[in-house]
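Beneath this line is the structure, given in structure tokens, with notes to follow.
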């Protein structure tokens, strides 16, 4: 018989079964109309649910995009500091973030398509429900219960087919949304865990902490070197002068002293115990 | 004749397409019975594009039932099997 014919018979059988339950066929009209209105509400809710899901995916796509940009930035900084290991780590996280992003783009397109389909379906159902309401009033006004039967059957099987179709479409959209929400939940967890980049939440991620530690370390190193330089030259300096990079323009005599020490300052760290900070080779001041 | 594509609505299709649709539908049915995914996919896609391209969308406010109903685009074979047995209506 063919698939298409058989499916249409299945739909018709469903409609007939529902009709058979009614004693007065005209009751069917009002009952069915109520069901149609419920279905319309359901489709509209379905559209809203898909839209919510789509917006969530959109939000995650933005977060992943930010994460990628930030990781690339970190990689650049790390390379600038001579830390290729850190740069590699940042780039590998960026790749993972990027692959999640590509995945989400596909999901986003699917949700968008689903949303459009359901929107069109709800418009179609609305048109049919309006047509049914008009038909229903005509039938009730014009025909006796017995006469009405054929006309009711016609109107009913048409709307019932539409309802069956829309019902399945909502079901498919719900299944798809549920799948996406499970994946969205997984991505939220991934983002929150910092596996990609947890700086998004406002707190620092480990790559950033290490980069900060390097910078902080180099500040401490240069301060240390400066103080060592001062001690070696037997000239205790005011902290304020040191903070200005060893220049104290307000105090002419000390400023001269300071300048005379400059070569010694540069050579000093080599004579001292090596630092634990991995930063010596990166930082421009103390080592170079 | 009125043909519905599930998820897309009804199309009014010229009667002379009946033979083409029947042939493709036969392929589709045989493929579902054999579990032959490539043939199933090809037949379903041909049916869908024939109805979309050669048919015209039926008016949205029509209450006319469809003579033929096509599974939605991207249906799996399982989904089609389920359509055929839905509500206890068997393969008759």
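Cβ-Cβ contacts under 8 Å between residues 6 or more apart (or on different chains), taken from a first residue in segment B:80-91 that is within 7 Å of chain A (Cβ to nearest Cβ) and surrounded by 15 or more Cβ atoms within 10 Å (Cβ to Cβ) to a second residue that is at pLDDT below 50 and not in a helix (DSSP H, G or I), are listed as B:84/B:91.
Could you tell me whether residue B:29 is at the interface with chain A (Cβ under 8 Å from one of its Cβ atoms) and surrounded by fewer than 22 Cβ atoms within 10 Å (Cβ to Cβ)? The answer is yes for residue B:29. Residue A:1 meets each of the listed conditions (1) within 13 Å of chain B (Cβ to nearest Cβ); (2) outside any loop (DSSP other than H, G, I, E, B); (3) loosely packed, with under 14 Cβ neighbours inside 10 Å apart from (2).
Screening B:68, B:47, B:63, B:17 for residues that are in contact with a strand residue (DSSP E or B) (Cβ under 7 Å, 6 or more places away or on another chain) and free of Cβ contacts under 8 Å to residues at least 40 places away in the same chain leaves exactly one candidate, B:47.
If you filter segment B:41-79 down to residues that are at the interface with another protein chain (Cβ under 10 Å from one of its Cβ atoms) and part of a helix (DSSP H, G or I), you find that the one that is farthest from residue A:155 (Cα to Cα) is B:43. When each of A:140, A:136 is tested for being part of a helix (DSSP H, G or I), more than 10 Å from every other protein chain (Cβ to nearest Cβ), modelled with pLDDT of 90 or more and over 34 Å from the mean Cα position of the chain (by Cα), the lone residue that passes is A:136. Within segment B:4-14, which residues are out of contact with any strand residue (DSSP E or B) (no Cβ under 6 Å at 6 or more places or on another chain) and either more than 7 Å from chain A (Cβ to nearest Cβ) or assigned to a helix (DSSP H, G or I) (or both)? Selection gives B:8, B:14. Selection within segment A:13-35: residues that are within 11 Å of chain B (Cβ to nearest Cβ) and touching a helix residue (DSSP H, G or I) at 6+ places or on another chain (Cβ under 6 Å). The member of this set that is surrounded by the fewest Cβ atoms within 10 Å (Cβ to Cβ) is A:14.
The values are calculated or read from the model by the stated rules, or taken from the named source; none is laboratory data. Quick caveat: nothing in here was measured; it's all calculated off a predicted structure. As a convention, Cβ positions derive from the backbone with ideal geometry for all residues, glycine included, and neighbour counts pool all protein chains shown.
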